[in-house]
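Okay, so here's the structure we're looking at.
The values are calculated or read from the model by the stated rules, or taken from the named source; none is laboratory data. It should be emphasised that the depicted structure is a prediction, and the values quoted were computed from it without experimental measurement. Quick reminder, even Gly has a Cβ in these numbers, built from the backbone with ideal geometry, and neighbours come from all protein chains shown.
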Amino acid sequence: MERAPIHGIEVFLAIVREGSLRAAAKELGVGAPAVSLQLKALEEKMGVGLLFRTTRSIELTDAGRVLFDAAAPAYRDMLYAVKKTQELGNSAKGTLRLSLSRGAYITAIAPVLEKFQSDNPGISLDLSLNEGLVDIIRDGFHAGIRLGDILSPEMMAVRLTPSLTPAFSAAPSYLDRHGRPEHPRDLLNHHCIRYKLPTAKKVADWHFTEDGQDKTIDPPTRLVFDHMTGVIQAAREGHGIGWSLRSTAAEHLESGDLETLLDPYVRKLPPFYLYYPEQNKRVECLRLFIDCLVSYRNQQAKNSA
């Protein structure tokens, strides 16, 4: 597709609007020779003369009149679009679109949601809960939240939480029937509820730590879900032992619907990070959201110190 000579058209419109090359150069903040060269290049590109130039005035040719009549309104519309876009980037109003898992929502977003919405009534949050990896640029998100900060080079990352604590858990009814595992190897003799990674399409291994060493176990699988909600629900119903973030299962642990197992062997996970493309760092809605999340993170760190 042939590209329009936008810069040359901008110079042409300025000349017509200001009435001379010198006045157009002053308006554009460049030298008069540069304006003359741009006009000449545009006429060569178009293959037709656009202006009659005399020592006293300029007049539009028939071709110049056609270009001016069509380009001037379009240029005004483009300037208006640029202005509105800049206002949106600098405004505390609008919709902020985020991709995140349910665990990220419960752990990082839910604790600050009420305050953020109270402090920023003009900002709406459009939250897409997704366990798999998402291309936030392709899918139109301002930012995403995921475990760890290993990202592509064009992304920026902000840590939102401390290292995360997982939990092996089961319902009391299951433990009454099958007993309580005392060591990760005991899981080989239990009904295990596993999680399938939605993007990789593989069942996630279970990790634990013993004597300072990280180890992996692949227990027999009775149920597999591609969403953590299913793992927790099945564990609550007594179908076996599940693995999840402790924060994700917190309400069920507090109510007694689930009990944690093998706590001394649990291996910590990386923190949640918010990540976003560098070009979004000027989006005011995103900046305010990050400020709120970081303020909460710092306050939690201060309280636990």
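Numbers below:
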{"item": "Identity of the residue in the stretch 179-203, among the aliphatic types (A, V, I, L, M) and at pLDDT 90 or above, that ends up farthest from the chain's Cα centre (by Cα)", "result": "Leu188"}
{"item": "Options Asp139, Asp126; residue that is more than 30 Å from Tyr265 (Cβ to Cβ), assigned to a strand (DSSP E or B) and among the charged types (D, E, K, R)", "result": "Asp126"}
{"item": "Residue in the stretch 114-130 that is hydroxyl-bearing (Ser, Thr, Tyr), surrounded by fewer than 13 Cβ atoms within 10 Å (Cβ to Cβ) and at pLDDT 85 or above present", "result": "yes"}
{"item": "Filter result for Ile106 (in contact with a helix residue (DSSP H, G or I) (Cβ under 9 Å, 6 or more places away or on another chain) and either within 23 Å of Ser163 (Cα to Cα) or in a helix (DSSP H, G or I) (or both))", "result": "yes"}
{"item": "Entirely in the stretch 188-305, the strands (runs of 3 or more DSSP E) that have 1 or more residues that are buried (at least 16 other Cβ atoms within 10 Å of the Cβ) and among the small types (Gly, Ala, Ser)", "result": "241-245"}
{"item": "Positions within the stretch 145-164 being loosely packed, with under 14 Cβ neighbours inside 10 Å and under 18 Å from Glu131 (Cα atoms), in sequence order", "result": "Gly148, Ile150"}
{"item": "Arg65 over 18 Å from the mean Cα position of the chain (by Cα), farther than 29 Å from Asp126 by Cα and at pLDDT below 85", "result": "no"}
{"item": "Filter result for Leu133 (in the same structural domain as Cys292 (by TED's automatic domain parsing), within 24 Å of the chain's Cα centre (by Cα), in a strand (DSSP E or B) and not aromatic (Phe, Trp, Tyr))", "result": "no"}
{"item": "Search result, residues across the stretch 266-285 that are acidic (Asp, Glu) and out of contact with any helix residue (DSSP H, G or I) (no Cβ under 7 Å at 6 or more places or on another chain)", "result": "Glu278"}
{"item": "Residue within the stretch 268-285 that is within 30 Å of Thr95 (Cα to Cα), of a type in the set (S, T, N, Q) and without any contact (Cβ under 8 Å) to a residue 40 or more places away in the chain present", "result": "yes"}
{"item": "Residue within the stretch 11-22 that is under 39 Å from the mean Cα position of the chain (by Cα), at pLDDT 85 or above and crowded, with 18+ Cβ neighbours inside 10 Å present", "result": "yes"}
{"item": "Filter pass, Asp176 being of a type outside the set (Ser, Thr, Tyr), over 23 Å from Ile241 (Cβ atoms), outside any loop (DSSP other than H, G, I, E, B) and at pLDDT 95 or above", "result": "no"}
